[in-house]
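Accompanying notes for the structure given below.
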Amino acid sequence: MADPRSDCPVLIPLDPHKQNPQVPLDRAAIVVGSIPGARVHISSKSVSRAHAILVRDGAEVVVRDLVSRNGTFVNQERVREHALKNGDVVQIGDWQFQLKASAGAEIERAPSGAHIEGEEIPPVEMRGRTMLIGGREGCDVVVKGTDVGPAHAIIFSVEGGHQVRDLGWGTSLNGEQIHQQPINDGDELTISGKTLVFHVEAEALVEEGGELPLELDAEQVEEKVDTPVVDQEREAEAFDDLIKEIGQPGE
């Protein structure tokens, strides 16, 4: 039986760490960091607790730096968020990995039109695949508070929708503690007692397969479709006139 992960992108450790196993990117989100709960745990002073996250959506793999102390690099250039290609070299702390992915994979366009806002936070638009929430400057959404982690939670787009991932500091979605969950238009995130509301614009809802109410009057329908709208009252009057001319059945 074929290995279901045979076509899965992988990160291959490079010197001086190439004796370590490859990292299969076999899930939607993979956190890299020194925190024990990280999917890719690297015990190194050069690596932050939650250093970077890899988001996989079909053929696309995106790396996002989590406002780490030493930064995340792709092909020796420091990045905030970057769509990876086969052969790219990702550096996290003093570790380097090379991406091995299916040749010729196309990068899909990320859904747009999402934003988040709170009582003390003006609307912040989601740029690219990810939106990082935390207490450190450099986050997309900066939340102040004693219990807010530097990189506290992240929202990312995947499979035509959005998901939110807690980064080890405690995040609630609609009143429930979560690790990683889908997030939808109107959902509320709570971080250190502060509430943030997630919104997806109408155009993005259509793009992601959502349904919007169809509100058209009769004139609009006549302009937009080939089949005319039937005037039931006029049709009934015409039928009555016809009956008067030919008589009732059996007469």
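Using a 1.4 angstrom probe, figure out how much accessible area region 1-82 has per residue, in square angstrom, rounded to the nearest whole. For region 1-82, the solvent-accessible area averages 52 Å² per residue. Per-residue extension of 0.36 nm, minus the Cα-Cα distance of Val10 and Arg69, leaves a gain of 18.7 nm for this segment. Computed over the alpha carbons of region 143-193, Rg followed by Dmax gives 10.8, 35 Å. Take the convex hull of the alpha carbons in region 9-151; its mean projected area over all directions comes to 9.2 nm².
The values are calculated or read from the model by the stated rules, or taken from the named source; none is laboratory data. Everything numeric here is computed off the predicted structure, so don't read it as measured data. Ligands, DNA and RNA are excluded from the accessible area calculation, which covers all protein heavy atoms including side chains. Shrake-Rupley method; radii C 1.70, N 1.55, O 1.52, S 1.80 Å.
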